[in-house]
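Notes follow once the structure below has been shown.
The values are calculated or read from the model by the stated rules, or taken from the named source; none is laboratory data. Model, not experiment: these values are computed from the prediction. No Cβ is skipped: glycine too gets one built from the backbone with ideal geometry, and neighbour counts run over all protein chains shown.
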Amino acid sequence: MNVSSTPATSRTCLICNAPLPFNPVRTGNLCGRGECDWRYSLLRRQQKVCTICGRPLSAPELPTRICANPECQRTALADFARQVHERNQARTAALIQQEIEQASRLRDQVIDTFGLREPESFPLVVIPACTLGITRLPEQRRRAFRDHLSDVIGQAAVPPAAPIREPEQVAPAPVAASRAQAALGMACSRCQGFCCEGGGDHAYLKVETIRRYLAEHPDQRPDDVLAAYLDRVGHRTYQGSCIYHQADGCALPREMRSDLCNRHFCKALHEFQRNLPATGPIRAFFVAANYGAIQKAALVHENQMLSVPTI
């Protein structure tokens, strides 16, 4: 029985397809003939070789400069995704820097106009801005929300298999942080609900939310809860945003909102809270911006706010 000693994966010259002798240290894919070297060099100058493996390209492969080999296709796709990500990151960083520079100039103008000293005493806080338009709520969105809410209420009405643990007591907020609540509320009024855009047709309502509501309203049956939530769905909402996101804010009172909605602050406002002064007045210059364009701005001192024109 004769067994070929040539490996099944033996390499061949990229030009003439002649088998290449086995050599552990060999790195090239050409046979070494002068004609093959010249032809391959010409193809490279003409950009007619695969940018991944270096094989000569067929006519259909020329536009992408990637051969049909699945591994080359996967590698090229991964490289393209990385390049897009890096471009997006660079673009985002440039836009953020642009927002900061514009906001800083606007703050200095406002401070100068009112004859205030030390503009740095009003920390610059750039927050995202909701720029969606108000539209009539489509009936299919209303039905989708009703279906979601009915399912959640049904699950909440069933007693859990294990006892529900009482929530841990939260330590009182520091004095400065509690004093900042007014400033934080005014900042959010400039944003107008950027964080609400992910609420869609579920409003972040979960089983835990409904169980909390039921505990606070023991006289209500599941049908009453469903009606209470549906009655607050308006006819107009921000396009594509949370079903409760309306022109004047959230249509739900805080006791009916999800825990996420009640405790969420954007990254900029978290940083603002971390950097609050231990003593002295709480001040800030809040700017709501979207993709480099300032939408709204406000000068805040304690519980007072001065809206600033941005144009």
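Has segment 190-209 got at least one residue that is among the acidic types (Asp, Glu) and surrounded by fewer than 16 Cβ atoms within 10 Å (Cβ to Cβ)? Yes, segment 190-209 has at least one match. When ASP201, ASP223, ASP219 are screened for being acidic (Asp, Glu) and not in a loop (DSSP other than H, G, I, E, B), only ASP223 passes. Would you call THR92 outside any loop (DSSP other than H, G, I, E, B), of a type outside the set (D, E, K, R) and modelled with pLDDT of 90 or more? For THR92, the condition - outside any loop (DSSP other than H, G, I, E, B), of a type outside the set (D, E, K, R) and modelled with pLDDT of 90 or more - is not met. Could you please let me know if LEU252 is part of a helix (DSSP H, G or I) and closer than 18 Å to ARG146 by Cα? Spelling it out, it is not the case that LEU252 is part of a helix (DSSP H, G or I) and closer than 18 Å to ARG146 by Cα. For ARG117, the stated conditions do not hold, so it cannot be described as touching a Pro at 6+ places or on another chain (Cβ under 7 Å) and within 28 Å of GLN273 (Cβ to Cβ). Within segment 280-303, can you find the residues that are surrounded by fewer than 20 Cβ atoms within 10 Å (Cβ to Cβ), in a loop (DSSP other than H, G, I, E, B) and touching a helix residue (DSSP H, G or I) at 6+ places or on another chain (Cβ under 8 Å)? Hits for segment 280-303 are TYR291, GLY292, GLU302, ASN303. Here ARG274 clears all of (1) under 30 Å from HIS301 (Cβ atoms); (2) touching a residue at least 12 places away in the same chain (Cβ under 8 Å) except the condition numbered (2). Of all residues in segment 142-153, those that are closer than 11 Å to LEU230 by Cα have Cβ atoms under 9 Å from Cβ atoms of residues that are surrounded by fewer than 16 Cβ atoms within 10 Å (Cβ to Cβ), 6 or more apart or on another chain, in ARG142/LEU230; PHE145/LEU230; ARG146/LEU230; LEU149/LEU230; SER150/PRO222.
For segment 215-245, give me each residue that is in contact (Cβ under 8 Å) with a residue 24 or more places away in the chain and surrounded by fewer than 18 Cβ atoms within 10 Å (Cβ to Cβ). Selection gives GLU216, PRO222, ALA228, LEU230, ARG232, GLY234, HIS235, ARG236, GLN239, GLY240.
Residue-by-condition table, conditions (1) aromatic (Phe, Trp, Tyr); (2) assigned to a loop (DSSP other than H, G, I, E, B); (3) modelled with pLDDT of 85 or more:
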{"residue": "MET1", "(1), (2), (3)": "no, yes, no"}
{"residue": "SER4", "(1), (2), (3)": "no, yes, no"}
{"residue": "ALA8", "(1), (2), (3)": "no, yes, no"}
{"residue": "ASN17", "(1), (2), (3)": "no, yes, yes"}
{"residue": "THR27", "(1), (2), (3)": "no, yes, no"}
{"residue": "ARG74", "(1), (2), (3)": "no, no, yes"}
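For the structure I just gave you, tell me whether ALA144 is closer than 30 Å to ASP201 by Cβ and not in a strand (DSSP E or B). Considered against the rule, which asks whether it is closer than 30 Å to ASP201 by Cβ and not in a strand (DSSP E or B), ALA144 comes out as yes.
Annotation: of all residues in segment 86-139 being of a type in the set (S, T, N, Q) and touching a residue at least 60 places away in the same chain (Cβ under 8 Å), the one that is surrounded by the fewest Cβ atoms within 10 Å (Cβ to Cβ) is THR135. Within segment 74-81, can one find any residue that is in contact (Cβ under 8 Å) with a residue 24 or more places away in the chain and either more than 30 Å from ARG283 (Cβ to Cβ) or not assigned by TED's automatic domain parsing to the domain that holds GLN46 (or both)? Among the residues of segment 74-81, at least one is in contact (Cβ under 8 Å) with a residue 24 or more places away in the chain and either more than 30 Å from ARG283 (Cβ to Cβ) or not assigned by TED's automatic domain parsing to the domain that holds GLN46 (or both), which makes the answer yes. Restricting CYS196, CYS261 to residues that are touching a His at 6+ places or on another chain (Cβ under 6 Å) and in a helix (DSSP H, G or I) narrows the list to CYS196. The residue pairs whose first member lies in segment 44-60 and is on the phi < 0 side of the Ramachandran plot, whose second member is exposed (fewer than 10 other Cβ atoms within 10 Å of the Cβ) and not hydroxyl-bearing (Ser, Thr, Tyr), and whose beta carbons are closer than 8 Å, counting only pairs six or more residues apart or on different chains, do not exist in this structure.
Quick one: in segment 246-270, which of the residues that are charged (D, E, K, R) and without any contact (Cβ under 8 Å) to a residue 40 or more places away in the chain is farthest from ARG143 (Cα to Cα)? Ranking the candidates gives LYS267 first.
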